[in-house]
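The values are calculated or read from the model by the stated rules, or taken from the named source; none is laboratory data. The shown structure was predicted, so the numbers you read here are calculated from the model rather than taken from an experiment. Reconstructed Cβ throughout: ideal geometry from the backbone, glycine too, with neighbour counts over all protein chains shown. Keep in mind that these areas ignore ligands, DNA and RNA; they rest on the heavy atoms of the full protein, side chains included. Shrake-Rupley method; radii C 1.70, N 1.55, O 1.52, S 1.80 Å.
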Amino acid sequence: MKRHTHFTVQGKPFFSIGGQLHNSTGYALGAAGGEKYAQDTRTAFAALKAVGANTAAVPVCWDAFEPEEGKFDCDYVRRIIDRVREHGLHAILLWFASWKNGQMEYAPAWVKADRKRFVRARCKDGTETAALSPFYEENRLQDQRAFCRLMEVIRDYDARTGTVIAVQVENEPGMYAASVRDFSEKGTAAFEGPVPEAVIRAAQECAAQEEQGRQDGALVWTDGTRAVSGYVGRAWKENGCRTEGSWQEVFGSLGAELCMAWGTARYIDAIAEAGKQVYDLFLYVNVWLDGNGEKGWSLAGLDYPSGGAVSRALPIWRAAAEHLDALSPDTYEGDPVSVQRTQALYDREGWAFYVPESGMTAVNASMAIEAAGKHAAIGYHVFGIESFLDEDGKLKERAEAVRHSFVMLENAKELLLRYAGTQKIHTLIQHAGQDSCRLAVGDLVCRASFAGAGPDYAGWVAMDFRHGRDLSGVNRVPVSLEEEMARGLLFQTGEREFYLVGHKVRLFWQKMRMDGSIPANQLNQQHQAYNMELMVIEEGHFEDGVFVADKKRSGDEARHGIWAQYDCGVVHFVLGEQGL
């Protein structure tokens, strides 16, 4: 069974722009009644609309779906699907079962109560944790039976409509307790047993990539955008490049966490395999990150759940999870460099790249554009959508940056799907203190200004009357990560033809000179903009893959660079030869 490369609706690729509901709102959407639940439901959909989402990510809670063993409340799932449909959205259902944030909070009471049948992971002193052990078959089989029943409900109720585009298998899995590994009887047997051949091959591959790539801390870069974890290959080499042995013998101190990763990944992959046999839908797992191993103690079990698909264990998951379509990072880092490194690590050929959770920050608003443009993300979601509204039901001011990015992604989705993974997409991301960036595009050089014509230019700079309010402080360069940064996506569809979506972005173009001369136009910024010949410049949108022009630009609105704000739609332009 081949991996899915995109979310799809009725067989067509679909770019998902979404908001994940707070955990317990999953009960509300599936509830048969209750005014409090109705209020929560109304708030959730109001927030999704306000931020510009086309997808609702909704928890499906095992304890609500199977309150008694073998007795499933299928209407609970159908009601969730109905309520998403009523609002014209698509859904990603989040299966909260054996794991939710490294524990078993959403397992039914009958699972939690029977500790002999459903064995918990243990600490070294014998203390039982609040996490199910991944090494006991009965734990997995019971989860798997329920998951397959869920997939049956989705198939039978929704296959023709296609409201549900994906299912998340568990939530941030692993053991979040005071132990790196599971000291239960079978957990210890797995740790002391032989490392599987697939893991040895993954370690060999990682070591080979490290030899070929450039080392950058915990990451090994294989080209300009992708990276692989350096931990597994390094641990394997440091412990003698063994081709057999126990986890400790082969990987030393990293062995305990890698053993947990293998056990957890195989548990979830078996559930995914069974689920896909029922209904072949996009399936993925999300990841509580380890900060790429660069922050705090970065200790499995304490700083993040041990056994998850974190940076140091990612190659193990890729070797184990044959039936998952994506291993998806939950990105809440507050600095853009950390997010960029995470995106590079999880962008892996053969796997779809998708961000299922992220925060309400200006940094995240920029990284959503980076994920779509540089890493061909198939979707981008924010978490806790109800919290994006204030007490009056209006979008919070600090959520506006995310909304702006979502509007841009919605406008550009046709182009993103068409040109994903090609060299035709150029990503423009401003960093604090940066006034511009330079792009080489064929035989042209583009200066993308994030500060009007430039921070040292004092002349009048036009947009149009609708955007006049944005001209105040147009030359100002943001200096704080809390400020919204300029960003955009530039698509080259012909030698001189382009489409642009962006915010606080203004483009200037020149042809590269080979003889060492400098064009006279570049000596004066006003002349450069005035003499940059435009054959066409227009704002518009896409309908069924075809660009429709809504408004043409010329004169004042065109002679100060090719500018874009989030609400300009898609700016289509064709450059002439004169002035280049």
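Filter the range 293-319 for residues that are buried (at least 24 other Cβ atoms within 10 Å of the Cβ) and out of contact with any strand residue (DSSP E or B) (no Cβ under 7 Å at 6 or more places or on another chain) and give the result.
313, 316
Using beta carbons and a limit of 8 Å, which pairs, at least six apart or on different chains, have the first residue in the range 387-413 and closer than 18 Å to residue 42 by Cβ and the second one part of a helix (DSSP H, G or I) and open to solvent by 60 Å² or more (accessible area, probe 1.4 Å)?
So the pair list comes out empty.
Which residues, taken from the range 544-580, are of a type in the set (Val, Ile, Thr) and open to solvent by 30 Å² or more (accessible area, probe 1.4 Å)?
Step one: list which residues in the range 544-580 are of a type in the set (Val, Ile, Thr), which gives 546, 548, 562, 570-571, 574.
Within the range 544-580, 546, 548, 574 meet the criteria.
Considering only residues that are in contact with a Pro (Cβ under 7 Å, 6 or more places away or on another chain) and open to solvent by 50 Å² or more (accessible area, probe 1.4 Å), which ones fall in the range 131-188?
176 - this is the single residue of the range 131-188 that is in contact with a Pro (Cβ under 7 Å, 6 or more places away or on another chain) and open to solvent by 50 Å² or more (accessible area, probe 1.4 Å).
Being farther than 17 Å from residue 393 by Cβ and under 25 Å from the mean Cα position of the chain (by Cα) is the filter here, so list the residues in the range 33-76 that pass it.
Listed by number, the residues that qualify are 54, 55, 56, 57, 58, 59, 60, 61, 62.
Can residue 325 be described as surrounded by 22 or more Cβ atoms within 10 Å (Cβ to Cβ) and farther than 16 Å from residue 19 by Cβ? Talk me through it step by step, then tell me what you get.
Details: surrounded by 22 or more Cβ atoms within 10 Å (Cβ to Cβ): yes; farther than 16 Å from residue 19 by Cβ: yes.
So residue 325 passes the test.
For the range 196-241, list the strands (runs of 3 or more DSSP E) that sit wholly inside it and hold at least 1 residues that are at negative phi and of a type in the set (A, V, I, L, M); which are they? Steps first, answer last, please.
Details: elements: 214-216, 219-221, 227-229.
Counting at least 1 such residues, we get 219-221, 227-229.
Identify the single condition in (1) more than 21 Å from residue 438 (Cα to Cα); (2) out of contact with any Phe, Trp or Tyr (no Cβ under 9 Å at 6 or more places or on another chain) that residue 538 does not satisfy, given that it satisfies every other one.
If we test residue 538 against (1) more than 21 Å from residue 438 (Cα to Cα); (2) out of contact with any Phe, Trp or Tyr (no Cβ under 9 Å at 6 or more places or on another chain), just (2) comes out false.
Looking at the range 1-84, what helices (runs of 4 or more DSSP H) fall wholly within it and have at least 1 residues that are in contact (Cβ under 8 Å) with a residue 24 or more places away in the chain and under 22 Å from residue 145 (Cβ atoms)? Break it down into steps so the answer makes sense when it comes.
Numbers: elements: 25-30, 35-51, 62-65.
The helices (runs of 4 or more DSSP H) meeting that bar are 25-30, 62-65.
Looking at the range 120-132 only, could you name the residues that are free of Cβ contacts under 8 Å to residues at least 60 places away in the same chain, within 14 Å of residue 186 (Cα to Cα) and not in a strand (DSSP E or B)?
Passing the criteria: 124, 126.
For the range 495-550, how many residues meet the condition of being assigned to a helix (DSSP H, G or I) and out of contact with any strand residue (DSSP E or B) (no Cβ under 9 Å at 6 or more places or on another chain)? Break it down stepwise before answering.
First pass over the range 495-550, keeping only residues assigned to a helix (DSSP H, G or I): 520-523, 525-530.
This time we only want the ones that are out of contact with any strand residue (DSSP E or B) (no Cβ under 9 Å at 6 or more places or on another chain), so: 520, 523, 527.
Residues meeting the conditions: 3.
Where residues in the range 429-444 are of a type in the set (Gly, Ala, Ser) and within 19 Å of residue 373 (Cα to Cα), which of them is modelled with the lowest pLDDT? Let's see the steps before the verdict.
Keep residues of the range 429-444 that are of a type in the set (Gly, Ala, Ser), which gives 432-433, 436, 440, 442.
Applying the additional criterion that residues be within 19 Å of residue 373 (Cα to Cα) yields 436, 440, 442.
On the way: 436: 93, 440: 92, 442: 89.
The selected residue is 442.
Six or more apart or on different chains, Cβ under 7 Å: which pairs go from a residue in the range 240-261 that's more than 23 Å from residue 174 (Cα to Cα) to one that's of a type in the set (Asp, Glu) and assigned to a helix (DSSP H, G or I)? Could you list them?
That search, which allows pairs on different chains as well, returns 242/249.
Taking the range 445-498 only, how many residues are open to solvent by 50 Å² or more (accessible area, probe 1.4 Å), at pLDDT 90 or above and closer than 30 Å to residue 545 by Cβ?
Within the range 445-498, residues that are open to solvent by 50 Å² or more (accessible area, probe 1.4 Å), at pLDDT 90 or above and closer than 30 Å to residue 545 by Cβ number 2.
So, in the range 276-292, how many residues would count as being surrounded by 24 or more Cβ atoms within 10 Å (Cβ to Cβ) and either acidic (Asp, Glu) or more than 20 Å from the chain's Cα centre (by Cα) (or both)?
1
Of all residues in the range 420-444 being touching a helix residue (DSSP H, G or I) at 6+ places or on another chain (Cβ under 8 Å) and not in a strand (DSSP E or B), which is nearest to residue 498 (Cα to Cα)?
In this case the residue turns out to be 430.
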